[in-house]
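All remarks here apply to the structure that follows.
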Amino acid sequence: MDINPEQFSNYASRFINILIDYSPKLISAFLILFVGLYAIRLINRIIRKIMVKRNLDPTLTKFLADILLWALRILLFVSFISKLGIETSSFVAILGAMGLAVGLSLQGSLSNFAGGMLIIVFKPFKVGDTIEAQGVIATVLEIQIFVTKMLTGNNQTVFVPNGALSNGTIINYSMQGERRADLTFSVSYDSDIKKAKEVLLDVLNKNPKVLKNPAAEVFVKNLSAASVDFAVRPWAKNANYGAVFSETLENCKIALDEAGIDTQPYTIQK
């Protein structure tokens, strides 16, 4: 096909005129884009430093900084295309419709997200704490945005949704640093009650893992139909709780047997 030089010259002239007319918008749009990207990085860095100085949880710091980063990027993109002369109202409407559709399809995930935010902000527990929640007793390994990762005593990894976790009862065994073991020993009515109490207290006092303050307690808890029930309550550091619990059971039983005190076969523990 033959190209008419005059027609080509007209097209070129029109293209150059359009480019000249449009160049201020193009230059200003890209100037906004480059300056905006630099400003966003600077703002994100400053916000992170502020949150770190205020000792915010690292998970929350990263999450909030990422949300701020993407929100500023979206605003910058809208400003960029608006400066180019592209209509943004329809674009914003599309984004809103997409956000609504995603929100409706991810209601459960949003509930877990909100639960994760509540856990991170109000801190009912932290990484390393041993907690009981949703029928699980385990040590917290990681608090994520949607789930909390925990490790049970038999080395099983459990992921609990944050929505259910934040709305349920949480027992934090590590928050106070000390924990009391509540045990019950039952002896027959024929036994010397005062002697039995002395034997039980002596076992607790001889265990170096049992704390002196708060002091351990031994007292008659109940007079049942077939036995006198003693409450045995030693205190221990969280790290020693398991050892104190098991050692108290074993040593009290041995000491009562050696003292000739008849323990009932249905000795119970709580």
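One table, with the values for the structure above:
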| read-out | value |
| --- | --- |
| Mean separation of Cα contacts under 8 Å, 6 or more apart, over the residue count of the range 122-203: relative contact order % | 24 |
| Phi-based couplings in Hz for the range 176-183 (Karplus 6.51, -1.76, 1.60; Gly and Pro marked x) | 8, x, 10, 8, 9, 8, 9, 10 |
| Whichever lysines have a C-alpha closer than 26 Å to that of Lys149, once near sequence neighbours (fewer than 8 apart) are set aside | Lys62, Lys123, Lys126, Lys237 |
| Convex hull volume per residue for the range 124-172, taking Cα atoms only, in Å³ | 63 |
| Residues Ile171 and Asp257, FRET efficiency given R0 of 22 Å [Cβ-Cβ distance, rounded to 0.05] | 0.05 |
| Rg to Rh quotient for the range 178-258, alpha carbon positions, Kirkwood Rh | 0.97 |
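Read-outs: derived from the displayed coordinates by stated rules, not from any lab. From a predicted model like this one, the values you see are computed outputs, not experimental measurements. FYI the Cβ positions are ideal-geometry reconstructions off the backbone, even for glycines, and counts take in every protein chain you see.
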